Amino acid sequence: MLSNLPSTTWQWRAERGLSNGGQVLGYDLDPENPGRPIPNAEEKALLNFMYETYVEEKTFQRTAKMLNEKGYRTKLYTSRRGNVQGGNKFSKMTAQRLLTNLFYVGKVVHKGEIFDGQHEPIVPLSLWGKVQSIITANRGGARKFRKQNVYPFLLQGLVRCGNCNHQLSPTFGYNHQGRMYPYYACNRQLTLGKENCNTRYVPAQALEKVVAKRLKQIALDPNLISSLVTNTSNNSSLRLQEFTESKQVYAKNIADVKRQIDRLVEGLAEGEVNIRSVSQKILSLEEQKEQLESGLQDIEREIAQTKKKVVNAEKFSNTLTTFSDLYADANPNERKELMQLHIHQLIWTPNKIQMAIFEIPTDASFNVNQLNEGSMVGNAWLRR
Ligand SMILES: [Zn+2]
């Protein structure tokens, strides 16, 4: 139903966290709302078993083999044309695809950009992250890290490259002394090569330290928190205005399509036109109308969510004040959870980090140098 939407619509949908409506292991499509598939309990259990198996086995091949031996098969479904598809043995490739899919932690990816999805995550972020660290370590031949506990990468999935706007991904690299360290590195650079982005590798531990420090400062500053909440409210009312405008555009388009259909139907009734070609035209208009209507529903949902966000920001400011205490006593995995809970996004540049909590990118920005963290300044930047 969604495959013939124009590409701007795809972008629009992805930005709003709606999936492309395809079949994914772990979810069932909701015919009422194909952009937000519903978790399938049995498949969710299988996926989590798969992720846990990978943590044990550490290769795609052995993970696939293990699943096949237990009798598991890929998702079985009936296509729109009525063909039965899937139900195959797991291959190394399938395992790789499923084990690196951001969809399972609630994200939607469109042309390399990652957005918060509207669907429910079904693999815990900590487990997903653990798998990614092992994959990264395998890829980099990082034997040392493979043997030890895997580095938790507290800010995984939260940092964007200020240079090219792609995600910074966990990776491992060597410093001047040849010791291996965990880093965040620009994904565009990692996948397309150095000439595509010149952002240097960011040492993971140093970055995590300054971010935690900044978050603690914010948590201890009631004035700052209350101004963030106010900004969220202002920001939300702007968005609400935008949504209301797009709602009107949608309503107008729906009315237009309806009129076209009516006109064609009248023509048919009066026998003035070629029945076959007109019927087809009507069908395609009907389909367009359905898509527009589902888009309109999405906007209405957005409006409701934006209204809710204002309330949440107020609640959130209360939990933020406890961040400092919790963080001090937390183990690495708990720290990762705390970071993921409190930070919406970080935008990295060598001189400044922008931190978004409550989804406001600019208000909590801070200069790296201001923090007097020796390890984050100037020539301490490590080369790849
Ligand atoms: Zn970049």
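Does a label point 7 Å from the Cα of K70, set along Cα-to-beta-carbon, have any residues of the stretch 22-60 with amide nitrogen under 18 Å, and which are they?
Taking a point 7 Å out along Cα→Cβ of K70, the residues of the stretch 22-60 whose backbone N falls under 18 Å are 25-27, 40-60.
With 10 angstrom as the radius, rank S126, S79 by how many other C-beta atoms surround their C-beta, starting from the fewest. Present the calculation step by step, with values, prior to reporting the outcome.
Working: S126 16, S79 10.
Fewest to most other Cβ atoms nearby, the residues stand as S79, S126.
What is the sum of charges, Lys and Arg at +1 and Asp and Glu at -1, for the other residues whose Cβ falls under 13 Å from the Cβ of Q291? Walk me through the numbers on the way to the answer.
Values: positive: R13, K289; negative: E286, E287, E290, E293, D298.
Surrounding charge for Q291 is -3.
Kindly write out, for the stretch 250-262 in residue order, the coupling ³J(HN,Hα) from the Karplus curve 6.51 cos²θ - 1.76 cosθ + 1.60 (θ = phi - 60°), rounded to whole Hz, with x marking Gly and Pro.
Each residue's phi maps through the Karplus curve to give 4, 4, 5, 4, 4, 4, 4, 4, 4, 4, 4, 4, 4 Hz.
Within a Cβ distance under 9 Å of P39, other residues only, what is the Lys/Arg minus Asp/Glu net charge? Don't skip to the end; give the middle numbers.
Details: positive: K44; negative: D28, E43, E120.
With Lys, Arg at +1 and Asp, Glu at -1, the net is -2.
Can you give the relative contact order of the stretch 1-123 as a percent, counting alpha carbon pairs under 8 Å and 6+ residues apart? Intermediate values should be presented prior to the final figure.
Working: 171 pairs, mean separation 33.3, N = 123.
Value for the stretch 1-123: 27 percent.
For R13, R276, R200, what's the fewest-to-most ordering of other Cβ within 10 Å of each Cβ? Intermediate results must be reported in sequence, preceding the final value.
Details: R13 23, R276 8, R200 16.
With the sparsest Cβ surroundings first, the list reads R276, R200, R13.
Apply the Karplus curve 6.51 cos²θ - 1.76 cosθ + 1.60, θ = phi - 60°, to the phi angles in the stretch 287-296 and return the couplings in whole Hz, x for Gly and Pro.
Couplings: 5, 4, 4, 4, 5, 4, 5, 5, x, 4 Hz.
Size of the dipole of the stretch 1-123 about the Cα centre, Lys and Arg at +1 and Asp and Glu at -1 on the beta carbon, nothing else charged, in debye to 20? Mind showing how you got there, number by number?
On the way: 17 positive and 13 negative charges, 105 e Å.
For this selection, approximately 500 debye.
Given H placed on each backbone N at 1.01 Å, which residues far from K107 in sequence or on other chains put an amide H within less than 5 Å of it?
G117
Check K75: other-chain or 5+ apart residues with amide H under 5 Å from its amide H, H built from backbone geometry?
For K75, the qualifying residues are G87.
Can you compute the modelled spin-label distance between N88 and L238, with each label point 7 Å from Cα toward Cβ, in nm?
4.7 nm
Would you mind working out the magnitude of the charge dipole of the stretch 7-74 relative to its Cα centre, with +1 at each Lys and Arg C-beta and -1 at each Asp and Glu C-beta, to the nearest 20 Debye? It would help to have the intermediate numbers written out before the result.
Working: 9 positive and 10 negative charges, 42 e Å.
Approximately 200 debye in magnitude.
Using the Cα centre of the stretch 46-94 as origin and beta-carbon charges of +1 (Lys, Arg) and -1 (Asp, Glu), tell me which of N88, M66, T53 is placed farthest towards the positive end of the dipole.
Positive-most Cα among the choices belongs to N88.
Efficiency by 1/(1 + (r/R0)^6): what FRET value for Q205 and E42, r their Cβ-Cβ distance, R0 = 45 Å, to the nearest 0.05?
So, using R0 = 45 Å, E works out to roughly 0.65.
How large is ³J(HN,Hα) for each residue in the stretch 344-357, as worked out from phi by the Karplus curve 6.51 cos²θ - 1.76 cosθ + 1.60 (θ = phi - 60°), to whole Hz, x for Gly and Pro?
After applying 6.51 cos²θ - 1.76 cosθ + 1.60, I find 8, 6, 10, 10, 9, 9, x, 9, 8, 10, 9, 10, 10, 10 Hz.
According to a simple spin-label model (label point 7 Å from Cα along Cα-to-Cβ), what is the distance in nm between K194 and K281?
Calculated label separation equals 6.0 nm.
On full extension of the chain, what length is gained from K307 through E120, given 0.36 nm per residue of separation minus the C-alpha to C-alpha distance? Please list the in-between numbers first.
On the way: separation 187, 0.36 × 187 = 67.32 nm, distance 1.99 nm.
Answer, rounded to one decimal: 65.3 nm.
Every number in this text was worked out from the coordinates using simple rules, so none of it is lab data. Please read these numbers as outputs of a predicted model, since none were measured by experiment. Neighbour counts are summed over all protein chains in view; Cβ atoms, including those assigned to glycine, are modelled from backbone coordinates with ideal geometry.
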